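The values are calculated or read from the model by the stated rules, or taken from the named source; none is laboratory data. Bear in mind the structure is a predicted one, so any value in this text is a computation, not a measurement. When we count neighbours, we look across all protein chains shown, and the Cβ atoms used for this are built from the backbone with ideal geometry, even at glycine.
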């Protein structure tokens, strides 16, 4: 069951555009790995190279040392969900999966098993054209499980799910990892990643800027004090002169690596107006924004 995914020096150029730049990372079995990055960071291109849909300019992407195109029975080894499309609108969910199972030489009985796994048993006979986006996401997940693969590669699986569906997905992914599967999930929903992932890869401008456990990245959030002030530029100068590191979180909002009492006293001493002064717990979001350079809109 255990399969290790390795990206080694993975690079992709589209003409003069460097989409992915020398990416090296390991995705371990028995763990959920969150693959994060802003739009255009290169996440989807990386996943498509991993799955043999885009040829790398250089480098390799392998499953236990084998590239996807060399897998003897890929649907039995890697389950994928890149986008919830490709469904015939006039075909039922069950028939859609039966077609996929037959094409992959998989037992047709798997269709009802995976429909049950993703909570679509009651909708099995309905035409996919009437499905919501969230239901299509569940159907895509069902398709990825047809071969009972040890590896799942999922691109934004929470897209279109309602709060109940997102909660279900969280437990679903954790359950797959606890079975010993390797689960790689790209996502923009950082709070969900914090509740689901064991490990995190952060991509920015095509480069891997951080890899580590979720706990490690959360600890780098560092806490401190969140400040909102209309006099931000001046306050940053005062903070810098006082040796208190601070960075922008948004318009008029700063995160300062110091206790609220210290920050408040400095503002009072220099007559800086504060609209907010609150202790910050830190976390993945602050680290993500810092790593990807999104520190000031």
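Structure notes:
- Of everything in the stretch 170-191 that is touching a helix residue (DSSP H, G or I) at 6+ places or on another chain (Cβ under 8 Å) and closer than 18 Å to residue 119 by Cα, the residue that is modelled with the lowest pLDDT is 170.
- Of the residues 184, 217, 203, 239, the single one that is assigned to a helix (DSSP H, G or I) and closer than 30 Å to residue 17 by Cα is 217.
- Among the residues making up the stretch 14-50, those that are surrounded by 16 or more Cβ atoms within 10 Å (Cβ to Cβ) and touching a helix residue (DSSP H, G or I) at 6+ places or on another chain (Cβ under 8 Å) are 19, 20, 23, 31, 32, 34, 35, 36, 37, 50.
- Checking each residue in the stretch 254-286 for being modelled with pLDDT of 80 or more, part of a strand (DSSP E or B) and over 23 Å from residue 192 (Cβ atoms) picks out 254, 256, 276, 277, 278.
- Unique match (being under 26 Å from the mean Cα position of the chain (by Cα) and either without any contact (Cβ under 8 Å) to a residue 60 or more places away in the chain or surrounded by fewer than 17 Cβ atoms within 10 Å (Cβ to Cβ) (or both)) among 93, 61: 61
- Every listed requirement among (1) buried (at least 18 other Cβ atoms within 10 Å of the Cβ); (2) within 28 Å of residue 164 (Cβ to Cβ); (3) at pLDDT 95 or above is met by residue 106 save one, (2).
- Looking across the stretch 194-216, the residues that are surrounded by fewer than 19 Cβ atoms within 10 Å (Cβ to Cβ), touching a strand residue (DSSP E or B) at 6+ places or on another chain (Cβ under 7 Å) and under 22 Å from residue 176 (Cα atoms) come down to 198, 211, 212, 213.
- In the set (1) in a helix (DSSP H, G or I); (2) at pLDDT below 85; (3) surrounded by fewer than 18 Cβ atoms within 10 Å (Cβ to Cβ), residue 289 fails one condition alone, (3).
- Filtering the stretch 66-80 to residues that are in contact (Cβ under 8 Å) with a residue 12 or more places away in the chain and surrounded by fewer than 15 Cβ atoms within 10 Å (Cβ to Cβ) leaves 69, 73.
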